[in-house]
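Structure, as structure tokens:
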Amino acid sequence: MVISDEAEKLYEIFDSIGITLRKTNKTKSPASTNFSTYDIAFIDIDSEGWEKRVIDLKQYMPVITIGKSDIKKAIKSMKLGATDFLQKPLRNESVKEIFENFKDKPKVEINGLIGISRIMEDVYCGIRKAALTDSNVLITGESGTGKELVARAIHNLSERKENPFIVINCTAIPDTLLESELFGFEKGAFTGANYTKKGLIEWADRGTVFFDEIGDVSPLFQTKILRVIQEGEFIRIGGNHPVKVDVRFIAATNKDLSKACKEGVFREDLFYRLNVIHIEIPPLRSRKEDIPSLTQFFIKKHSIKRKDINIKGITEEALDALMSYSFPGNVRELENIIERAIAFTNSVEITIKDLPAYLLKTQHSKKTPHGNLREAVDNFEKELIWSALQKSRGNISKAAELLGIHRQQLQRKLKQFKIAT
């Protein structure tokens with residue numbers, strides 16, 4: 001996406017360095033624009049309203065600002081979220097370097113989260129949108145998908161990042177201790193209360209509270225936290241006056257809360273209070289192209305535990321086995337497998353012998369093609385693309401090269417077949 005009065009000059013540079021693009025002079029309103037069809041944005045900071053454009057577009061893609069030699073504007077653009085700044089007049093080498101830097105990266109990156117798949121880019125966009133508001137967030141997904149990491153990412157990108165992030169494990173607090181743990185108590189409230197104690201909610205003032213596994217809480221827990229979420233206040237045990245708090249609430253669950261509401265086990269009013277912004281984390285089996293980068297990350301993380309050998313990677317055969325597995329335990333299970341393999345391996349690379357036996361037994365066999373010709377062709381294409389992604393360890397450019405097609409063609413195929421599946 002190019003937003004500049006000098007767009008034609010930039011198009012000429014694109015042509016000269018071999019970048020193909022669709023050109024249009026039509027102006028669409030932001031609401032009607034499908035930003036997912038764009039890979040990168042170039043915004044001219046010498047144009048009017050550029051600040052809002054940077055803020056809007058940084059949620060969806062890398063934003064490169066371009067402009068005359070104005071240090072204040074350049075610094076401001078980076079503070080607003082621009083990824084890089086290019087000074088006019090633009091040089092072919094500088095523009096080419098930008099594309100080289102971003103061609104194999106996800107359009108939106110979040111510190112602490114790993115994944116290059118299209119489905120994870122949607123999650124990253126959701127995180128950035130949530131971070132721009134103070135609305136409550138409900139994160140759903142299977143166990144082991146990284147819901148707490150997403151909650152922390154929202155907090156760390158928000159204006160509350162300098163203040164506390166308090167994790168409340170909902171299933172770990174019995175009803176008998178609920179009020180004292182959440183709201184605290186006043187001195188003398190009961191026998192043994194020799195001091196005034198702050199509860200977890202109060203400790204999170206001006207920060208974020210993360211309710212982990214909110215779908216498993218008791219009816220009493222639901223009732224107690226509803227008032228805090230609605231009114232932003234609570235009363236300590238033994239207290240006479242409400243305590244005001246400024247807290248942003250994020251909740252996570254692996255349960256279907258809509259279904260729980262219909263069954264009468266979860267309060268509908270609490271559900272709607274929490275579910276202002278909804279982010280769903282996909283299971284690992286739906287984004288298998290992220291397995292190579294996650295595997296390498298966990299190897300780097302856990303290899304330091306071996307003092308006798310420097311483990312640097314994983315063999316193609318072992319990686320193929322991981323790519324063929326369904327991972328019911330999701331990312332957490334993958335990390336466990338890699339940590340175990342590092343403990344057992346005797347070489348500088350994890351081999352297939354280092355992987356657990358159950359993983360190798362469950363490798364699915366090829367299915368006999370069925371259905372009409374179109375379906376058979378599509379299935380064959382999917383198999384070829386998966387094979388290329390495995391061999392390239394998730395590198396889209398290398399996969400396209402193996403397939404003998406352009407990178408843009410492969411990206412279109414990935415979108416067509418929703419390969420995150």
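The values are calculated or read from the model by the stated rules, or taken from the named source; none is laboratory data. Small disclaimer: the values here were computed from a predicted structure and weren't measured. Note: ideal-geometry Cβ built from the backbone for every residue, glycine included; neighbour counts use all protein chains shown. Accessible surface areas use protein heavy atoms only, side chains included; no ligands, DNA or RNA. Shrake-Rupley method; radii C 1.70, N 1.55, O 1.52, S 1.80 Å.
So with the 1.4 Å probe, I'd like the accessible area per residue for the range 99-202, rounded to whole Å².
Normalised by residue count, the accessible surface of the range 99-202 is 48 Å².
Can you give me the relative contact order of the chain as a percent, contacts being Cα pairs under 8 Å and 6 or more apart?
After rounding, I find 13 percent.
Using just the helices of the chain, give the 222 nm mean residue ellipticity in deg cm²/dmol: DSSP H runs with n ≥ 4 each add -39,500 (n - 2.57), and the total is spread over all residues, rounded to 500.
Rounded to the nearest 500, the figure is -12500 deg cm²/dmol.
Which of S258, Y272, A341 sits closest to the plus end of the dipole of the chain, meaning its Cα is farthest towards the positive end, when Lys and Arg get +1 and Asp and Glu get -1 on the C-beta?
A341
Under 14 Å from the Cβ of E231, count the other residues' Cβ atoms, weight Lys and Arg +1, Asp and Glu -1, and hand me the total.
+1
Just flag the chymotrypsin sites (Phe, Trp or Tyr not before Pro) in the range 152-244 sitting in loop per DSSP whose Cβ has no more than 14 other Cβ atoms within 10 Å.
Sparse-neighbourhood loop chymotrypsin sites (Phe, Trp or Tyr not before Pro): F190, Y195.
With +1 on each Lys and Arg Cβ and -1 on each Asp and Glu Cβ, and nothing else charged, work out how big the dipole of the chain is about its Cα centre, in Debye to the nearest 20.
With Lys and Arg at +1 and Asp and Glu at -1, about 420 debye.
What whole-number value in Å² describes the accessible area per residue of the range 298-348 for a 1.4 Å probe?
52 Å²
Between H241, H278, H155, where does the largest GNM mean-square fluctuation fall for the chain, given springs only between Cα atoms within less than 10 Å?
Greatest mean-square fluctuation among the candidates belongs to H241.
Of the heavy-atom accessible surface of the chain (probe 1.4 angstrom), what whole percent is carbon and sulfur? Let's see the in-between values first.
Details: 11710 of 23080 Å².
About 51 percent, which is the carbon plus sulfur part of the accessible surface.
So for the chain, taking the charge dipole from beta-carbon charges (+1 Lys/Arg, -1 Asp/Glu), which of V150, G239, T171 sits furthest toward the positive end?
Ranked along the dipole, the leading option is V150.
Any idea how far the Cα center of the range 178-249 sits from the one of the range 288-321, in Å?
If we compute the Cα centre of each part, the gap is 43 Å.
What per residue convex hull volume, in Å³, do the alpha-carbon atoms of the range 194-347 yield?
Cα-based convex hull of the range 194-347, divided per residue, equals 186 Å³.
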